[in-house]
Amino acid sequence: MKTRLVLVLAWACLFLAGAARADDEWRTWKSAAGTEIEAKLVSKEGNQVTLEKKDGKKLVVKTSQLSVADQEFLSAMEAPEEDLDLIIAEPGVVSAKIECAGDSKWSYFLYLPKVFKTARKWPVCLIMDPGGGSAGTLNRYIPAADRLGIILAVSVESKNGFADSDLAMMAMVKDVYDRLPVLEEMAISSGMSGGSRMAYLMAEMEENIAGVLACGSGAGVYLKEESFRPAKLRRGTVICSLIGTNDFNRREAAKSHKGFGKDARIIWFPGNHDWAGENVIMEGLADVYGKILKNSKSKELDPLRVEYAKAMLAWAKEQEKGQPWVSCHWAEFLASFPGDSAIQQEAAAFATTLGQQTDVTNARKAEKAIDDFADKYFSDGDTKGDNTPDASREKAAEKAAEPYVGLPQAEILQRMGGPSPAP
């Protein structure tokens, strides 16, 4: 607490000094709509700034109405110097194992995004691995963490078997919250297989978990190895699930999502009971984080919304050549995302252009076919006999895939017709 108090006081003092310097500086300010004025900054309070024009008239403007460059200028003014006490790992490098300060019995690995500074607070993704966390676990998430600006932490002791896994993961949560400048209310839990189940359990136990990125399981949780029940999630928890086409948990995952509501997303990928690849994890984490930002009413998150919109528009453009349907999905999402009006307009125009492409139209039809197939064959949750071939299901999958040969969705449909290998 002492370190945090020092950080807050340093932040406040530096901003006041910055504002005083700004009184003597004239600059061109630009609105999100493109209007420009010459003015100097008089003050900034919360989400509003007061500007004084050369004729002496003062304007009170919401920061969200300013251009991205002006918002970044204001954010830079507010930034305090680094508090080295809060840097417990080198940004851009997976840490050595970190023991929890409250109890060295528990430990975790940490990754701070390359652009990490203690001058601001960061969202965090808290991860569980069925075999126990390692640097390798975090490597799957690092491209997304760097792109989106998210801290990563993975518990070493939380693992399949589940004995004391809840204690291990909650000890990690407390230590990360206590020692790092995190936005606690923006925390995301994640994991694969049994780790995914612990991610759902964390969302029950930790009130600040705003979203779950699950891989390789449905929403059933274990408090002990022999006990099993559905997770009890708070209303509004954002869910995205990544599931292999032939995962032995595919039926449970499909049934869980049927009960989550329309805002939840399930992303199928070719595979068995496996971790999703980096690109799928990127899309899943972006889905959860973006919806958390969009659903929140806090104006204090406006700078993060602008950062997110810029990062995801750039990523969407990178996907255009190989996966224009992915680009179109994210362009449409950003067109209504409450970040920056200029980015909204650019994303809307990009989405309109992409939406006219034949591959995008066909891919969207194929994705609906995937959802329909999963709903028909998997959403009852009954795993009995799922690990044996089913000729009628295989035939239905081949027929569903036929119009989309040449698109990756066709392979997903074809593989969904096959059995899921037994655990």
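The values are calculated or read from the model by the stated rules, or taken from the named source; none is laboratory data. All values reported here derive from a predicted model rather than from experimental measurement. Note: ideal-geometry Cβ built from the backbone for every residue, glycine included; neighbour counts use all protein chains shown. These accessible areas exclude ligands, DNA and RNA; they are computed on the full protein's heavy atoms, side chains included. Shrake-Rupley method; radii C 1.70, N 1.55, O 1.52, S 1.80 Å.
With everything on Cα atoms, drop me the angle between helix 194-205 and the longest principal axis of the chain, reported from 0 to 90° to the nearest 10.
Its long axis makes an angle of about 50 degrees.
Select from the range 180-235 those GluC sites (Glu not before Pro) which occupy a DSSP coil region and have at most 15 other Cβ atoms within 10 Å, ordered by residue number.
Here the GluC sites (Glu not before Pro) that fit, given the DSSP loop and packing criteria, are GLU207, GLU225, GLU226.
Assuming R0 = 35 Å, can you tell me the calculated FRET efficiency for the pair ASN208 and GLU45, based on Cβ-Cβ distance, to the nearest 0.05?
0.85
At 7 Å along Cα-to-Cβ for each site, give me the label-to-label distance between ASN279 and SER298 in nm.
3.4
Students sometimes get this wrong: rank SER227, SER189 by accessible area, probe 1.4 Å, all chains present, largest first.
SER227, SER189
Which of rounded, prolate or oblate describes the range 132-216 when judged by the alpha-carbon gyration tensor and an a/c cut-off of 1.5?
Since a/c stays below 1.5, the shape of the range 132-216 is classed as rounded.
Heavy-atom accessible area of LYS58 with all protein chains present, probe 1.4 Å, nearest 10 Å²?
Solvent-accessible area, nearest 10 Å²: 130 Å².
Which entry is the computed Cα extents along the principal axes in Å for this structure: (i) 80, 57, 34; (ii) 69, 60, 41; (iii) 67, 52, 37?
(i)
Based on the Cβ-Cβ distance of GLU90 and ALA135, what FRET efficiency does E = 1/(1 + (r/R0)^6) give at R0 = 22 Å, to the nearest 0.05? Write out the running numbers ahead of the final one.
On the way: r = 13 Å, r/R0 = 0.60.
Given R0 = 22 Å and the Cβ-Cβ separation, E is 0.95.
If I model a spin label as a point 7 Å beyond the Cα along the Cα-Cβ vector, how far apart are those points for GLU38 and ASP263 in nm?
Rounded to a tenth, the inter-label distance reads 4.7 nm.
By how many degrees, between 0 and 90 and to the nearest 10, does the Cα long axis of helix 324-335 differ from the longest principal axis of the chain?
40
Determine the alpha carbon to alpha carbon distance for each of LYS255/LYS376; LYS255/LYS368; LYS321/LYS368; LYS232/LYS368; LYS58/LYS310; LYS30/LYS62 and list only those over 19 Å.
Too far apart for the 19 Å limit: LYS321/LYS368; LYS232/LYS368; LYS58/LYS310.
Roughly how large, in nm² to one decimal, is the mean projection of the convex hull of the alpha-carbon atoms in the range 267-315?
4.1
Could you work out what % of the accessible surface of the chain is carbon and sulfur, using a 1.4 angstrom probe and leaving DNA, RNA and ligands out of the count?
52
Pop the C-beta distance of GLU411 and ASP380 into the FRET formula with R0 = 25 Å and round what comes out to the nearest 0.05.
With R0 = 25 Å, the Cβ-Cβ based efficiency is 0.55.
Considering only protein heavy atoms, what per residue accessible area in square angstrom results for the range 280-423 with a 1.4 angstrom probe?
48
Would you calculate the separation in nanometres between label points at LYS58 and THR388, each defined as 7 Å from the Cα along the Cα-to-beta-carbon direction?
Those two pseudo-labels are separated by 8.0 nm.
Determine the percent antiparallel among the DSSP beta bridges restricted to the chain, to the nearest 5.
Bridges in the chain that DSSP calls antiparallel: roughly 50 percent.
Take the alpha carbon atoms of the range 143-191, find their center, do the same for the range 238-301, and report the distance between the two centers in whole angstrom.
Here the two parts' Cα centres lie 18 Å apart.
Tell me the angle of helix 165-179 to the major Cα principal axis of the chain, expressed in degrees between 0 and 90 and rounded to the nearest ten.
Once rounded, one gets 10 degrees.
Could you work out [θ]222 nm for the chain from helices alone, using -39500 (n - 2.57) per DSSP H run of at least four and dividing by all its residues? Round to the nearest 500 deg cm²/dmol.
That comes out to -14000 deg cm²/dmol.
Too long at a 22 Å Cα-Cα cut-off: which of LYS105/LYS174; LYS97/LYS291; LYS40/LYS114; LYS317/LYS399?
LYS97/LYS291; LYS40/LYS114; LYS317/LYS399
Go ahead and collect, in residue order, the members of the range 180-206 whose backbone nitrogen is under 20 Å from a label point 7 Å along the Cα-Cβ direction of ARG234.
Answer for this model: 180-191, 197-206.
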